[in-house]
Structure formats: structure tokens, C-alpha cells
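Worksheet for the structure shown next.
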Amino acid sequence: MLEEVLTLLNLKEGMVVVDATVGLGGHAVEILKKISSRGRLICIDNDAEALAMSKQRLSTHGLECSFIHDNFSNIDNILGSLKIKHVDGVLLDLGVSSLQLDNPLRGFSFVNEGPLDMRMNTENETSAFDLINNLSQKEIAAILWKYGQERFSNRIAKKIVMRRSQSLINTTTELANLVYQALPYPQRHQRIHPATRTFQAMRIAVNRELESLEIFLEKIAKFMNTNGRICIISFHSLEDRIAKINFRNLAKTKKFRLIVKKPLTPKDEEVKANPRSRSAKLRVLEKI
């Protein structure tokens, strides 16, 4: 949703903008063109590999960028360390990136075999391997239900615990096969792969994604300049719900206003070109 983001951020020369999930820099490159050499872009990412790649890509533009390897939930410390008191625009493009999904060694996908990792920041201690092999059946079921809305969460959790009593569950394909075996036969051959919700839930739990979003939204409001805008792209109903509630609560203070009453979704052409974008929802809030 590049075109929509660039328009709704209402970018102008000289602005200070935060791309809190810079990834490979797709949005950042175009943001830099809008704010020009008089502006400043703060690029944050929890993934060191992605941050290094975006830094290399953006360095050729010769404009002022800061690159920070951190979780966006620490936005107050990040801006404080840069001596930035206010910003004019903020972008959060949530979820997992293609870089992470397509690399089997990162363990985000069941398409190819890889280690059960799923950490966006590989410096963090807890991986999916730790959760799958150490949490109780009840705790695993709770994660699958809360973050994946998996209605067979208890069956899957039971299967996992039974299997690991024999040997540790080490790989993505092992976990995916266990989920497949745990489901009732009619549920094994649906349009969506049977392990999709389980992998999504474990990834959210490993990276504490919803908690980070809540903390970020609580902190960022005080840094917004008048007419400054926050754009959030989410790919999961729980993320979108957090954005929706927080934006509405801020709008009730009369210090902010909703720019779009209902979330925007990608155009048909974008979904056709990039099927992974189909579940994206964009919400925008402005400081009055």
C-alpha cells in the first residue's frame, strides 16, 4: 500500500518521519524523496539483517537517516537518544516480512524445513523451539487460541506434548506435520494450510508483537507534532483491533482525529501482484 501511505502521511519537505518497521526500505526510499535533504528519517527494525540491507539501500540517497536496531516499543528511548522531541509522521508496517518468510533458517514458514526459531530479533533468548518444547499443554493451547484463533488448539497442544515426550520438536516441518495429524480429517485439506494459524500464533508469542504494539501506541502520541500523522498497516485482526481501539480513544480526547473511519485495503492490482498483501488494513490518525 505504498501509494496510500505516501498520500496519507501528507509528507512535505523538512519533515521528521519515523519508519518504525523499515524492513528492506521499500516505503523509506519513497518517503525520503518526499521529505528531501531538509527532512530526517528514523529507520527502526527489530531484525538486524533487514536493517543492514535497508541501510545499504538508502545510503545511496545521501539524505539524513538514522538506523536503529531495536523494538519499536522502545520509541521513547530511541527518540531520546537522537535528541528528537517531536515527529511529523510515523509508519508501522506490521507482521512478518518476505525476507523472514523466505529464509528457511529463520524458521517462520513451514514451506521449507528449518529450525524452530521465529525470532525477528535473533539476539532475543526465547525462540519457538523454547515455547514448543517447554510450555505446558494448557499454555500452548492458550497461545494457539489467543493469537491464532485456532479452534483445535487443545488437540494440537495435546499432540505436541505427546510427541515431545518421546523426543524434542526441532524443525518447522516437524511442527507442521504434528498440526496436520492433530486435526480432524476433514480439516486437513482446506484452502489455508492447517499449520498456518499455529505458526502465526507462535510467531506473535515469540516476538511479543501485540504487547509491543500496545506499548508503542501508548508512547508515540506525546511525540506527535500538530498535523503529524500515524499510519499503521496490519495483517492480523488482533493487531487491527488494537490500532482501532487506540486510535478511537485518542480521537475522543479531541487532540487527534481519524483520517479514515474504516481501514483501507489494497487495490485489486496490488493483491494480484503480491498475494501476501491481501489481508492488509491501513488506519491513519492525525494530531490536531
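Rule-based calculations on the coordinates, nothing more; no lab input. Fair warning: this is a prediction, and the values are worked out from it, not measured in the lab. Glycine gets a Cβ as well: all are built from the backbone with ideal geometry, and neighbour counts include every protein chain shown.
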* To do: Exactly one condition in (1) touching a residue at least 60 places away in the same chain (Cβ under 8 Å); (2) touching a Pro at 6+ places or on another chain (Cβ under 7 Å) is not met by LYS287; state its number.
  => (2)
* Structure fact -> Flagged pairs (Cβ under 9 angstrom, 6 or more apart or on separate chains; first in the range 36-59, more than 16 Å from ALA20 (Cα to Cα); second acidic (Asp, Glu) and outside any helix (DSSP H, G or I)) are SER36/GLU13; SER37/GLU13; SER37/GLU64; ARG38/GLU13; ARG38/GLU64; GLY39/GLU13; GLY39/GLU64; GLY39/ASP88
* Given the residues SER109, SER73, which is the only one that is within 17 Å of MET224 (Cα to Cα), in contact (Cβ under 8 Å) with a residue 60 or more places away in the chain and among the hydroxyl-bearing types (Ser, Thr, Tyr)? -> SER73
* Asked: Which residue out of PHE216, PHE235, PHE247, PHE256 is under 16 Å from the mean Cα position of the chain (by Cα), crowded, with 19+ Cβ neighbours inside 10 Å and aromatic (Phe, Trp, Tyr)?
  -> PHE216
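So which residues in the range 97-146 are assigned to a loop (DSSP other than H, G, I, E, B) and over 18 Å from the mean Cα position of the chain (by Cα), if there are any at all?
Going through the range 97-146, the residues assigned to a loop (DSSP other than H, G, I, E, B) turn out to be 97, 102-103, 107-114, 116-127, 135-136.
Passing the criteria: PHE110, VAL111, ASN112, GLU113, GLY114, LEU116, GLU125, LEU135, SER136.
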* **Unique residue being under 23 Å from ILE44 (Cβ atoms) and aliphatic (A, V, I, L, M) when the list is LEU258, LEU285** => LEU285
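Let's see how each residue does on (1) outside any strand (DSSP E or B); (2) not basic (Lys, Arg):
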| site | (1), (2) |
| --- | --- |
| LEU11 | yes, yes |
| GLY14 | yes, yes |
| VAL17 | no, yes |
| VAL29 | yes, yes |
| ALA52 | yes, yes |
| ARG57 | yes, no |
| SER73 | yes, yes |
| LEU79 | yes, yes |
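Could you check how many residues of the range 234-285 are part of a strand (DSSP E or B) and either among the aromatic types (Phe, Trp, Tyr) or in contact with a Ser or Thr (Cβ under 9 Å, 6 or more places away or on another chain) (or both)?
Looking only at that region, the number is 5.
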